[in-house]
Every structure is written in structure tokens, then in C-alpha cells.
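The values are calculated or read from the model by the stated rules, or taken from the named source; none is laboratory data. In this text, all values refer to a predicted model and were calculated from it rather than measured experimentally. Cβ atoms come from the backbone with ideal geometry, glycine included; neighbour counts cover every protein chain shown.
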Amino acid sequence: MKTQLVEDEILDMMKLENQFGVFNNNMMMLLSDEDKAYVEEIQSLCIEQEEKIGRIRGHNNDDYYDWFEWAGKHGLINRSNEYPHRSDLRIGMKAELLRCWTMDIFNPQFNMAMGASSLCINPIAHHHQNKENLVKDLQDLFDGKKIGCIGITEPKQGSDAVNMKVKAEKADGGYVVNGIKCYTTNSPKADMCAVYAVLNEEDPRSTMVQGISHKDWDRGFKSERIGIPSVTKVHIGKTTFEDAFIPEEYMTGGPGEGYHILFEGLVPERIGIAATNVGQMWGAFSLASLYSTVRQQFKSKILLHQAIGMSVLAKYHSRLTSITMALLKLAEAYDAKRDELEGISPFMNPFVAMASQMKEQAAYLVHDLTYECMHVMGGTGVTDQTKMPIIQGVSEIAEVVGGTRNVQLLIGSRTINTMVKMI
Ligand SMILES: Cc1cc2nc3c(=O)[nH]c(=O)nc-3n(C[C@H](O)[C@H](O)[C@H](O)COP(=O)(O)OP(=O)(O)OC[C@H]3O[C@@H](n4cnc5c(N)ncnc54)[C@H](O)[C@@H]3O)c2cc1C
């Protein structure tokens, strides 16, 4: 922070321990003892790190990519996939959700960067086919020793990602990739990119491949940072593949398999984005509710002015509690059905629609709720004395990452048709 304006007592009230306290009290009836212990363990690690980096000053000054190794050491980058080299960690969609919520309260832009690395983890975890190099990449990504990114979007292919133009050609011992991907989160900092490309742009579905390109290879990918003012700490890039060679042992999917992997990946990606939005909302809501109990105006706590306590905080509290419960239910159902869904075509997966529905709702609500909670805090809300502006930044891009609302609603409208046909 540049200059502290609020009294020490008020700043202390909004410390991370108290934000976690607000969250934990709200989760009291929703989580089992095992869940609570798991959350508290991650919270303790975050509180320790908060002290080490120098509290809010560290959040404003540090390069978040320097925190990856700390997070990796404690298994905080991803909890939805099995680690090939560790068996001490709780894994599953619910474990990932709770990890996400805790990490988002700690720092949502850092969690966004870890989330993008997880998008590189997901396809390797499911499609490494025991190839030694890919298993090593997977371990390095989990451990935070390497940073990953995913290359789907192209300058001319956004929502219509399937009709991609980045070209793959079969070569001796692998594939040569040419073309440009854009908005690739982490790519300026990333060591590897899970990239999709097509052999024939007229027939992307049966010719799409996916492989892992490394930046430090002679023929790896290149990246230039693009400016996204909402998330100043996350490096997002234009990613160029110029005769980039991906050896066979780094390919996760051959012709046509890439298309299946693309759709398979969208379910955990969208549930993950919805989860992250809910975590961001708990971050914003906890700050605003703590502040509203200590800030006084007109001789009264601002919480007791009805326009703050009822019209904003209570109203958004009920919305946040509802979406939190919905997401918990979705994660529990996902974990329960995991084995049943193993091997099912990604196009027949019933979670596709639910993931889109949650993403569409959460992305809108996080923007709305964060704006309102920020302004509950008046001037303090927009200064760098709390993490509110960091949360507000990520809330602005929630709509577009992982596909805009119209794409989610397109999936929704097709689902209605399928459901009627199934009668
Ligand atoms: C901060 C950030 C991080 C990102 N990270 C990544 C990443 O790591 N990897 C990656 O591959 N991509 C990433 N993306 C890209 C993101 O997924 C795309 O921006 C998104 O899918 C939208 O594509 P577009 O920007 O080209 O918009 P467009 O597709 O051009 O859409 C423009 C508008 O048209 C609407 N529209 C489009 N098609 C339809 C339709 N059929 N019906 C109705 N309306 C429609 C959209 O809803 C939108 O409002 C990121 C983007 C941002 C901003």
C-alpha cells in the first residue's frame, strides 16, 4: 500500500484471519468435519504466507509467479487430478472447490494464474499415456516448478473456437505447428503450453490434435504480453508458433482426439471458473461485512444503515449463500459420478450443461456483488489498503474467460432440446 489512511484497528479487522473467519462461520452447517479440517489446513498455510510476504504490501508489490513453488510444495495449485508422485493429498472436485475458495480469499489473481496452469495440467493428467516426459511435466506443474498455459483462442476464432486456424502438420517423429493463439493466460511466464491445432481447417473435428510445447526448446512457442488492465499481476499473452516442433512423446492427442480433449476440458474449466468466482465473492463480501461493523457514520455502524445492511449486504449474502450451496451440490454429484463418467463421450456428459449454467450465473454475480461490496466501503474500497481492487479487477473479466454468457446459453438452449427429445 502506498499510504495508510484507515486506522490500524480497522485495517486489523480486515486481516486475512478474519476474512477466513467470516467464510468459516458461513460454512458451519454446510461442511463436514473432514471438509472443515481440510479448509483450515489450507487457511493456515495462507496466513503463514501472508505474514511472510508482508501482508497487503506483498500482494501489491510481489510478482505472483514467484509464489508458485510455495503453492506447489503444499499441493495448492490443483486438487481435481491425481498426482503421479504424491498420495498424501485429498483429491476430487469438492477438494478443488474448497482449495479454490480458500486461495481466492487469499489472492484471486494468484489463483487465476494457478488456474491457467491447471488447464495445462488437466489434459496431461488424463492423456499422458505413461509417456515419461509428460509425466515429468505433470509433476513439475503440480509442484509449481514449471508454469503452464492453454492455447485455444485465436485472433479470429474466439467463441467459435472449434473452427481454429492454427495448423499442425505431421512430420518425422512429431508435429510442426504454425499460427497464433491469443489471450493465453500465463504464456509470457509459462514454461509449457497445451496447444490445440488442426491438420485441416476445413475439417477441425476429425483433424484436431493437442500437444505440449515447451518455450525453451529450439522450436518452442514464443510469447508477448498483452495489456489487460483489470488483472495487472497476471501475464496474458499473444502466443506464436513458428515451425514449432512437438515430438510424439509430448503429444496428448492425435488427429480427432484433440477435439474430444477440448470438450472434455471445458467441464472442469467452467466448474473451476464458477468456483473461483464464488471464492472471489467470499473475499469481497467478507471485507465489506467486516468493514461495515467497524466503520461509523452519522454516529452509527454503517451496517445499521438499512441501505447498507439490508439493501446491499443482506441481499448479496443470500445470493452468495445460494450459489455456494449449488456449487457444493454440483461438486458432490461430480465426485459421486466420476467413475460412471470415465470413458463416456464428452458430448454425452450431463455435467456439460451444469458447468455452463454455473459459470454463466457466477460470472454475472461476481461482478455485481463485488461492485456493490466495494462501494459499501466508500473511499476505502477503492484504495490499495485492502485486496478489494484486486478482487474487483478479476470480477471484470469473469464474463469472458472460459466463454462468454452467450456461449454458455447456447449450450443451455441445446440441452433443453436434448432433454425434451430424451422423454
Ligand atoms: C483475461 C482473459 C484470459 C483468457 N485466457 C485464455 C486462455 O488462457 N486460453 C485461451 O485459449 N483463451 C483465453 N481467453 C479467451 C476467451 O476464452 C475468449 O476471449 C472468449 O472465448 C471470447 O472470445 P472473443 O474474445 O474472441 O469474443 P467473440 O467470440 O468475438 O465474441 C464477441 C461477442 O459476440 C458474442 N457472440 C459470439 N458468438 C455468438 C453467438 N453464436 N451467439 C450470440 N452471441 C455470440 C459474444 O458473447 C461476445 O459478446 C481469455 C480471455 C481473457 C479476456
(message) Please verify whether residue 337 is surrounded by fewer than 13 Cβ atoms within 10 Å (Cβ to Cβ) and assigned by TED's automatic domain parsing to the domain that holds residue 273, treating the condition exactly as stated.
(response) no
(message) It is to be established whether one or more residues within segment 240-252 are surrounded by fewer than 24 Cβ atoms within 10 Å (Cβ to Cβ) and within 12 Å of the ligand (Cβ to nearest atom).
(response) no
(message) Pairs please, first residue from segment 390-411 and without any contact (Cβ under 8 Å) to a residue 40 or more places away in the chain, second anywhere and near the ligand (Cβ under 9 Å from one of its atoms), Cβ atoms under 8 Å, 6+ apart in sequence or on different chains.
(response) 399/405
(message) Suppose we keep only residues that are of a type in the set (Val, Ile, Thr) and not in a strand (DSSP E or B) within segment 240-268. Which one would you say is modelled with the lowest pLDDT?
(response) 267
(message) Can you tell me which of (1) surrounded by fewer than 24 Cβ atoms within 10 Å (Cβ to Cβ); (2) of a type outside the set (Gly, Ala, Ser); (3) touching a helix residue (DSSP H, G or I) at 6+ places or on another chain (Cβ under 7 Å) is the one residue 139 doesn't meet?
(response) (3)
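Quick grid of which residues meet (1) surrounded by 19 or more Cβ atoms within 10 Å (Cβ to Cβ); (2) in the same structural domain as residue 19 (by TED's automatic domain parsing); (3) under 29 Å from residue 132 (Cα atoms):
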position	(1), (2), (3)
264	yes, no, yes
267	yes, no, yes
307	no, no, no
324	yes, no, no
(request) Kindly indicate whether any position in segment 377-389 is under 15 Å from residue 274 (Cβ atoms) and hydrophobic (A, V, I, L, M, F, W, C). (result) no
(message) For the list (1) surrounded by 23 or more Cβ atoms within 10 Å (Cβ to Cβ); (2) within 10 Å of the ligand (Cβ to nearest atom), I need the number of the one condition that residue 183 fails.
(response) (1)
(request) Those residues that are within 10 Å of the ligand (Cβ to nearest atom) and in contact with a helix residue (DSSP H, G or I) (Cβ under 6 Å, 6 or more places away or on another chain), I need them from segment 219-238; list them, please. (result) 230, 231, 234
(message) Residue under question is residue 364, and the condition is that it be more than 30 Å from residue 259 (Cβ to Cβ), aromatic (Phe, Trp, Tyr) and either within 16 Å of the ligand (Cβ to nearest atom) or crowded, with 19+ Cβ neighbours inside 10 Å (or both); does it hold?
(response) no
(request) Could you grab me the full set of residues in segment 90-147 that are of a type in the set (S, T, N, Q) and within 16 Å of the ligand (Cβ to nearest atom)? (result) 109, 111, 117, 118, 122
(message) Being free of Cβ contacts under 8 Å to residues at least 60 places away in the same chain, in contact with a Ser or Thr (Cβ under 7 Å, 6 or more places away or on another chain) and within 21 Å of residue 124 (Cα to Cα) is the filter here; which residues of segment 223-266 pass it?
(response) 255, 256
(message) Exactly one of these conditions fails for residue 288: (1) of a type in the set (A, V, I, L, M, F, W, C); (2) in a helix (DSSP H, G or I); (3) more than 30 Å from residue 10 (Cα to Cα). Give me its number.
(response) (3)
